[in-house]
Structures are given as C-alpha cells and as structure tokens.
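Peer 1: Let me begin by handing over the structure; questions about it come next.
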Amino acid sequence: MAAPHLVIEDLHVVVEGKEIVRGLNLEIRGGEIHAVMGPNGTGKSTLASALMGHPKYEVTQGRVTLDGQDVLAMSVDERARAGLFLAMQYPAEVPGVSNANFIRTALNSIRGEGNEIPVMKFHRMLQEKMRQLNMDPSFAERYLNEGFSGGEKKRNEILQMSMLEPRIAILDEIDSGLDIDALRIVADGVNSLRSPERGFLIITHYQRLLQYIVPDYVHVMMQGRIVKSGDKTLAEELEAKGYDWLKKELGIEDETVGAQA
Amino acid sequence: MTEPITNVNANLVEELTARHGEPDWLKARRQQAWRSFETMPVPRLEKTDLRGRAWDFGPFPAATGAAVPQPLAQLEAALGDQAAVFIQDGTVTRVQVPEALRARGVVVMDLHSAAKTEPERVQQLLGRAVADDENRWSALNAALWHGGVYVRIPRGVQLEDPIHIIHSESEQARGGMPRVLIVAEPLSRAEVVEVYGETGQAAGSYVHSAVTEVIAEDGAQLRIGVVTQYRKGPTHFFTRRAVLAKDASVDWVFGDIGDGFSVGLVESRLDGDGSRSVAQGFGFGYGRQHLDLTASMQHRGRFSESDIRLFGVLRQRANSVFRSSTHMHRGAVAAGSEQHDRVLMLDATARADAIPMLLIDENDVSRCAHAASVGKIDPTQVYYLMSRGIPEKTAVQMIIWGYLQPIVDALPSQAVRDWVTQVLERKLAE
C-alpha cells in the first residue's frame, strides 16, 4: 500500500457550543512523526478526538482528507478502516468483552469479510506483541480496560495499535501517568512501528516523551491553532525555556482557548 | 375477588391423586392447598396489574401427544447421556441417570414416585421452602403440581457434572404446574439446571405456576441454574426458594429469554450461620414481554453473606421490574450483602424499573450496599469500539453481550450455555 497522506486544512471544532480548535492546518505523510505540544487547554486533545470522529466534537469548518478521501464524511468505524487510529488518553472500560475478542473483532473488521485472520495465528501474534510490551498473558482474557491501571491502559492502546497496524496513528498524551520504565516500553512499541507506510501524530504536554520517540516535526498549539512549527530542537528549546518564552515571543497573554473569545 | 372455578377443575386434585396413586397425606395437602387457592384473593402488585389476567388451567391429560419443540430437541440431543429429566406438557417423559450417579446414591426421579419411595423425607421437605399457602399461585401449584422432579444428593457426595431438568411445553399445554424439590445433604455438592422452553402460541389465557424448592443442609454447596423461555399468552408465576443451613452455599443463576408475562421470586433464606448465597440473573425482554422479578436474600444466620446481581436488556415494548431485596433480620450479626442492578434500554418504547430494597433490623451487620441504574448504552463505549473499525451494530451487540455473558457463563452445563448463547445471539442479531 502506498504511503499515507493526511491533510488537515483550516479545521474548526466546537465542543458543547464552544469553539476549541480554530483554524488548524497540518499535513502528515508516511514515515513522518509529528509532535503537537502545548500547555493544557489549548485544544490538542480536541484535535485528536475530532479527527477520530468522537460524537461530542463537531467540526464546523475545514477539510480533512486521507489520500484524498474526505475523512469528515466517514463514520468513526469507517475512519478506522481507512487507517486512522487514536490511542486515547482515557479509553473506555467495557465489562464482559475480553481484550482478545475485542482486538480480533477489530482486526477482522479492518481486514474485511473473507479475509479474517485464523484464530491460532491471531493468538500467537497477540501473545508475541504482549510480550514485547511487557504485558502479562492474562491481559488477553481480561475484560477490556476494566480494572486496568493507568499505565496498563496505555500499554493496551499501544498493543491495539501494533495489532491493527494503522496508516496514521494519533497518540493522545500516551505518556501521561507513565513511569520512566513504562514510558520506555511504550516508546519502544511506537518506534518498532515506524515505517514509510505509517505516519504519527503525537500529542504531548511534556518534552520527556520526545527523548524516546524522536519527532521529525514539532508543532506548538495555543488558542486552538498551531502557532509555531520546527524540528526536534524546538521541543528541546521549549523544555529549556518553557512555554512562557514562546508566549512572550508571539505576544500571547493567555494561551488557552476562549481567553480572547 | 375470586373468579368462579368450574367443577371440572375442582376434580383435578382427585384426578391427579388417583392417576399417580398418591398417599393420603399428599392428597390431603393438595385438597387443603386447593381450598387456599379458592379462597385467596388475587393480590394487588405494585408494578403488575393482574386484574385482567385469567386463571385458566386444565384439563391435564395423562400423556402428551406433542413432539418436543425444535429448539429444545437440539438441547436434548446435545445433552447425550448426561443426568437429565425431561418433562413434556406436565408429564415426565424420560429420566436418565448415569450409572456412576446411581452408584453414589444420587436420586433423580419424578416427584410422584418419590412421594412413594421416600415418603418421610418428601412429606417433611415438600413445602418447607415454599409454603402451600404462601400466595395464590403457590397454593395453586401445591394443589395441582404434576410432572414434578425430585433430586437428592446424599451426604458428602460431590458431583462434577450437572443434573438437567428440561421442561417443555407445546401449544397443547393447558397451563403448567411444575414443581422441583432439590435436597442437598450435608457436605454434598452439585449443580442443577432447569430449562423451561415453550413454543407455539398458547390457545387461551392459561396460568402457569412453577415452584422450585432447594434444601441445602449443613455445608452443602449448590449451583442452581434456571433459564426460562416464557412465551406470550399465559400468565407465568414462579417461586424459587432455597433454605440454607449452617455453612451452606447456594448460587442462583437465572435468566428469561422469552417474551412472556411473568411475575416471580428467587429467594435464599440464609438461616444457617456462615451460609452464603449469590443470585445473579438477567432478563432479555422484547416484544411485549412483562417481567416482574424479585431477587431476595433473607438473612438470619450470623456471618451470612449474599450478593444480588441483576442485569436487564430491554427492547421494543418490553416492560420489566427488577427488584432486589435484602432483609437483615435481628440476629444476623456480622452478615453482609451487596446488590447491583443494571438495566439497559435499547428502545425508547421499553420500560424498566430497578428497585433496590434494604431492610435492616440488626445493628451489627458487616456490609450492606446497593447500586441500581437504568439507562442507555454508554456512547463512549460504542465510540471506543467503533474507533477500532468495528461497525456500530456489532459494537452495540458486543457491549450487550458483555453484560450477559458472565451470567450465561455461570450457568451449569455446557449444553445449556451453548443453547442460551445461540438463542441470545440470534435475538441480538435481529
């Protein structure tokens, strides 16, 4: 399959009557890792949820295309089958649905009817990926995210990503709540998936994650749009000088969304 | 108010007694229960209107000419030679007990025969858990039960494989009065599963009253499964109660997968110190199903423990009441109990009530809690599953099945689990 090409143009997103993303532009190609950084409340997670199609997030303006196809016209499951994946900050718990059953159903939905993965092959693959992520084999049969710790949920998101092999993977604050060992394991999982056929959008609050997953591009979000872009040195600069430096440079007083509204 | 009862019905007691050559004590009890039935008023229930429901039943022919309904025939085939009693339209048609069970003294037989072969025990225990005059429908059952089943697990005998009781009713049935008596002697362990399957459209507004009595003696451990597929038409009453002695344990796992009209009780009387009971049940309502279910725990024993977990899924114009009740009687020192009721409404036309009740007369209980909710499927769960490529319809089915499966999995017998799974999956895909 050809390298993916995701284009976001002038994206505006409203949540509960309030515009959170305000004219965002971004382009991601296969093989690239883009990091979106920014203080809390600047619209980073809203961007991620809107791209995936969360029902509470309404796109009021703009275009999103994946390989020229209109993403915004697709339902959530169609987006996933087109190759979008969102590793969520707070994934839902689904009691009674085993992790393995969930992932197999998802994988088969993506592969399509008549192309289902053989059961044995699936379980071998799942156990292998779980081993790489340092997950206990029992997680296959546990109910989806139920009673998982924060770190276990994050690893489970990465497990799904590595099983489903998306074309565009969005990671929403995958580093939050992880200790350094877990962070390393998660980062290794992401790095092992780097490929010319896959693009990444990594949303993070801290530069720490970017020491392990080295981005090609770094974007800073404030007030619902990208206010500065650069390479990985921008993340280092932010770590050293803080967001206040950038705010001063750009003449922004309150970086959160709605301050000027 | 009592409806006029025809002479034909008044003779049913004599007819049944004569047919089975029953001892005098049983005949006298049936007659007494009949008088109770005749004089007891139709009760007024808070959430179920019985005023418009007829109380038709009988005649009860000695043999049935009807074939086993197709879905149950599949289940029968799957059971192979496992321990099972088959009852068709109120007649015990087959009792199969593996030789290994007989050799260990396990008794599985029809209740009419047991009244003759074990008269002292049956006389003493029949009606111990469910009194003949407890209410109008238990009185009706006590007067007219037929095609009953008796199971006795001798002291210390621990069974690995479940015992099946398969009731089926065809359109020829004229009301059902099934009765089951399960006796677990001290330190025995067993699993018993009852299935009620009804097919076809009932011709009239018959009344169906089922009674299951469970006697768990000291240290006995039982798991009792009950799956009903009550059809629309008749009024179904059921009264299932276990009486637990010291350190006894009874796990109820029950569910209704039909579209019938039913009112019933599943209860454990935790009389013995250290006794424990779990009641987990589900309702899967569709059509114009009406289910008025009470799961109840009566704590009298010290250190007795119980849990109630009820789960309902309602579609179309189904209307269900899930009542969970825990009563800590005075003396139930250090007893503990929890209730969880959850009802999912899939269609706006369905109606449901989840009513938790705690009655606490003892000051010194260890825990007593409840949680109840009625609502729609959590949209964030649906979104999450869809975000991995799963279509919405499949996602919703998975979530519902996720709630039902742990209860279905707790049912004794692989054959019954497979049957229930098949029925539910077919209904969910509709």
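Peer 1: Please compute the net charge surrounding B:S366, taking Lys and Arg as +1 and Asp and Glu as -1 over other residues with Cβ under 14 Å from its Cβ.
Peer 2: Numbers: positive: B:R276, B:R302, B:R367; negative: B:D273, B:E305, B:D307, B:E338, B:E362, B:D364.
Result for the local shell: -3.
Peer 1: Then there is this: Among the DSSP beta bridges whose two residues both lie in chain B, what percent are antiparallel, rounded to the nearest 5? Show your work: numbers first, answer last.
Peer 2: On the way: 9 of 138 bridges.
The antiparallel fraction comes to roughly 5 percent.
Peer 1: Still on this structure, I have one more. Looking at B:G336, B:L358, B:A114, which one has the Cα that reaches farthest to the positive end of the dipole of the protein assembly as shown (charges on Cβ: Lys, Arg +1; Asp, Glu -1)?
Peer 2: B:A114
Peer 1: Rg and Dmax in Å for the protein assembly as shown, alpha carbons only: what are they?
Peer 2: Values for the protein assembly as shown (Cα only, Rg and Dmax): 31.1, 102 Å.
Peer 1: A follow-up question, please. Among the lysines, which fall within straight-line cross-link reach of A:K56, defined as a Cα-Cα distance under 19 Å, with same-chain neighbours fewer than 8 residues apart omitted?
Peer 2: Excluding near neighbours in sequence, the set is A:K18, A:K44, B:K376.
Peer 1: Can you give the percent of C-alpha pairs in the range B:377-430 whose distance is more than 18 Å? Mind dumping the intermediate values first?
Peer 2: Values: 552 of 1431 pairs.
Roughly 39 percent, rounded to a whole number.
Peer 1: Quick check for me: using +1 on Lys/Arg Cβ and -1 on Asp/Glu Cβ, what's the dipole size of chain B about its Cα centre, in debye to the nearest 20? Please list the in-between numbers first.
Peer 2: Working: 46 positive and 53 negative charges, 104 e Å.
Computed about the Cα centre, the dipole is about 500 debye.
Peer 1: Please report B:E430, A:E9 as a ranked list, fewest other C-beta atoms within 10 angstrom at the top and most at the bottom.
Peer 2: Details: B:E430 7, A:E9 14.
Fewest to most other Cβ atoms nearby, the residues stand as B:E430, A:E9.
Peer 1: Over its Cα atoms, what ratio of radius of gyration to 2.2 N^0.38 Å does the range A:5-250 give? Spell out each step's value before the answer.
Peer 2: Numbers: Rg = 17.8 Å, N = 246, 2.2 N^0.38 = 17.8 Å.
Ratio of Cα Rg to 2.2 N^0.38 Å: 1.00.
Peer 1: Dipole size in debye (nearest 20) for chain A around its Cα centre, Lys and Arg Cβ +1, Asp and Glu Cβ -1? Mind showing how you got there, number by number?
Peer 2: Details: 29 positive and 38 negative charges, 90 e Å.
For this selection, approximately 440 debye.
Peer 1: Another question, if that's okay. Note down the magnitude of the dipole of the range B:314-430 about its Cα centre, charges +1 on Lys and Arg C-beta and -1 on Asp and Glu C-beta and zero elsewhere, to the nearest 20 debye. Could the numbers behind the result be given before it?
Peer 2: Values: 13 positive and 13 negative charges, 77 e Å.
The dipole magnitude comes to about 380 debye.
Peer 1: Where Lys and Arg each count +1 and Asp and Glu each count -1, what net charge lies around B:G260 among other residues with Cβ under 13 Å from its Cβ? Show your work: numbers first, answer last.
Peer 2: Numbers: positive: B:R53, B:R231, B:K232, B:R288; negative: B:E169, B:E198, B:D256, B:D259, B:D292.
With Lys, Arg at +1 and Asp, Glu at -1, the net is -1.
Peer 1: May I ask you to derive the relative contact order of chain A, considering only C-alpha pairs under 8 Å and at least 6 residues apart, and to give it as an integer percent? Don't skip to the end; give the middle numbers.
Peer 2: Details: 485 pairs, mean separation 76.9, N = 261.
Taking the mean separation of contacting Cα pairs over the length of chain A, I get 29 percent.
Peer 1: On to the next question. Which net charge results when you count Lys and Arg as +1 and Asp and Glu as -1 among the other residues whose beta-carbon is under 11 Å from that of A:E146? Intermediate values should be presented prior to the final figure.
Peer 2: Working: positive: A:R142, A:K153; negative: A:E93, A:E152.
The answer is 0.
Peer 1: Neighbour counts of other C-beta atoms within 10 Å: give me A:Y90, B:Y150 arranged from fewest to most.
Peer 2: Working: A:Y90 14, B:Y150 25.
Lowest to highest Cβ neighbour count: A:Y90, B:Y150.
Peer 1: Would you please put B:257-268, B:403-414, B:38-49 in order of how densely packed they are, using the mean number of other Cβ atoms within 10 angstrom per residue and starting with the highest?
Peer 2: Numbers: B:257-268: 24.0, B:403-414: 19.3, B:38-49: 12.3.
Answer by packing, highest mean first, reads B:257-268, B:403-414, B:38-49.
Peer 1: Another question, then. Quick one: if you take sqrt(5λ) for each eigenvalue of the C-alpha gyration tensor of chain B, what semi-axes come out, biggest first, whole angstrom?
Peer 2: Taking √(5λ) for each eigenvalue gives 32, 26, 23 Å, largest first.
Peer 1: Angle, helix A:119-132 long axis vs. longest principal axis of chain A, Cα atoms, 0 to 90°, nearest 10?
Peer 2: Once rounded, the angle reads 50 degrees.
Peer 1: Per residue of B:403-411, count partner chain C-beta atoms within 10 Å of its C-beta, then hand back the mean as an integer. List each step's numbers first, then the result.
Peer 2: On the way: counts 4, 1, 6, 3, 1, 1, 1, 0, 0.
Taking the mean over all residues of the peptide, I get 2.
Peer 1: Something else: Average partner chain C-beta neighbours within 10 Å, per residue of B:389-397? Before the final figure, lay out the partial values.
Peer 2: Details: counts 20, 11, 7, 3, 1, 5, 8, 0, 0.
Going residue by residue through B:389-397 and averaging, the value is 6.
Peer 1: For a quick check: sort A:R208, B:R29 by the number of other beta carbons within 10 angstrom, fewest at the front. Working shown, then result.
Peer 2: On the way: A:R208 15, B:R29 19.
Least to most surrounded, the residues fall as A:R208, B:R29.
Peer 1: For peptide A:143-155, what's the mean number of Cβ atoms from other chains within 10 Å of each residue's Cβ?
Peer 2: Values: counts 3, 6, 2, 1, 0, 0, 0, 0, 0, 0, 0, 0, 0.
So the per-residue partner count for this stretch is 1.
Peer 1: For n ≥ 4 DSSP H runs only, could you compute -39500 (n - 2.57) per run for chain A, divide by its residues and tell me the 222 nm figure to the nearest 500?
Peer 2: Values: 9 runs with 92 residues, N = 261.
Mean residue ellipticity at 222 nm (helix-derived): -10500 deg cm²/dmol.
The numbers here are math on the coordinates, done by the rules we state, and not lab data. The structure presented is a predicted model; accordingly, all values stated were derived computationally and were not measured. Glycine gets a Cβ as well: all are built from the backbone with ideal geometry, and neighbour counts include every protein chain shown.
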